[in-house]
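Take a look at the structure below.
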Amino acid sequence: MTSNPLATNVSESSTETASLLQAKNLGYSVAQDESPLVIIRNLNLNIHSGEQLAILGPSGAGKSTLLALLAGLDTPTEGELLWRGKPFSTLDEDARAAIRAQEVGFIFQSFQLLPELSALENVMLPLELKGDPKAKQQASEWLAKVGLSQRAKHRPSQLSGGEQQRVAIARAFVAQPQVLFADEPTGNLDEENGHKVADLLFELKANTAQAMTLILVTHDRQLAQRCQRILQLEAGQLVAETST
Ligand SMILES: Nc1ncnc2c1ncn2[C@@H]1O[C@H](COP(=O)(O)OP(=O)(O)OP(=O)(O)O)[C@@H](O)[C@H]1O
Ligand SMILES: [Mg+2]
């Protein structure tokens with residue numbers, strides 16, 4: 001073993017299977033009065049299709065920022081992100097938007113459902129963006145899978161936190177994305193509902209036919225243990241990786 005197992009990982013695995021997402025010397029900083037505020041620094045990471053990866057780290061470590069960079073929602077200020085070996089930065093905004101619409105799903109701590117839409121309409125959205133004519137039927141099926149068929153017409157404000165997150169999970173899975181990003185999906189829930197949501201997430205993932213990649217940010221070590229790889233992020237740097 002070398003002193004930097006993360007760097008070794010990147011070079012070794014790139015020769016094995018093709019990587020889905022690769023971060024190369026990724027950095028993100030924002031302008032400040034004197035010197036820039038560095039949020040992510042010199043980060044190397046290689047993620048393969050079908051992997052389940054958890055990112056653990058203290059508040060302010062840069063976990064949400066890293067997720068936004070990996071998902072192409074934000075642009076790194078240093079280094080680059082490769083999507084299936086292609087630099088994300090060389091894709092134009094239309095191509096990036098297409099990747100996000102077709103291949104990426106999100107679950108957030110704060111659910112982020114659209115308040116004016118019913119539960120069913122929220123789940124239909126990703127399919128409607130893709131122009132899927134069976135959006136309503138498939139969304140109904142996914143609402144049933146998360147146990148909320150009876151609440152299809154209800155708006156988010158009429159649902160409990162756990163129920164809203166189940167709708168958000170259905171919305172994330174409905175388009176069968178290649179990569180599912182989850183940023184503290186149980187962070188706003190009590191222990192019981194947190195467990196229910198986590199169980200649901202892993203159960204649905206296990207039952208998807210394709211190799212869906214899961215990238216999960218959490219404070220919860222028990223939840224992280226359900227992933228094959230656990231990365232520790234501190235002050236914008238990956239400081240450790242363990243396999244379960
Ligand atoms: N646009 C920005 N401008 C200034 N500072 C920012 C910006 N975005 C993020 N930060 C700072 O970067 C650091 C990392 O933020 P980030 O939200 O990624 O942390 P986190 O690990 O997700 O924390 P938490 O566990 O609390 O969600 C924080 O100190 C935050 O204040
Ligand atoms: Mg965060």
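The values are calculated or read from the model by the stated rules, or taken from the named source; none is laboratory data. Since the structure is predicted, the reported quantities are computational estimates derived from the model, not experimental observations. Every residue, glycine among them, receives a Cβ derived from its backbone with ideal geometry; neighbour counts consider all protein chains shown. Surface accessibility is based on the protein's heavy atoms, side chains included, excluding ligands, DNA and RNA. Shrake-Rupley method; radii C 1.70, N 1.55, O 1.52, S 1.80 Å.
Observations, loosely collected:
- By a 1.4 Å probe calculation restricted to protein chains, Leu189 has an accessible surface near 30 Å², given to the nearest 10.
- For the chain, alpha-carbon Rg over 2.2 N^0.38 Å: 1.02
- Amide H to amide H, with H built 1.01 Å from N, Ala54 comes under 5 Å of Leu216, Arg229, Ile230, Leu231, counting only residues 5 or more places away or on other chains.
- For His48, the residues whose modelled amide H falls within less than 5 Å of its own, excluding neighbours fewer than 5 places apart on the same chain, are Leu20.
- Viscosity 1.002 mPa s, 20 °C: Kirkwood-radius Stokes-Einstein D of segment 33-154 over Cα pairs, µm²/s: 124
- Computed from the C-beta positions of Gln158 and Glu34, the FRET efficiency with R₀ = 35 Å rounds to 0.10.
- Surface per residue (accessible, 1.4 Å probe) for segment 5-243, Å²: 48
- Cα centroid separation - segment 193-241 against segment 42-60, whole Å: 9
- Estimated [θ] at 222 nm from DSSP helical runs (n ≥ 4, -39500 (n - 2.57)) normalised by residues in the chain, nearest 500: -10500 deg cm²/dmol
- Here the Gaussian network model covers the chain, with springs between Cα atoms less than 10 Å apart; of Glu234, Glu34, Glu78, Glu34 fluctuates the most.
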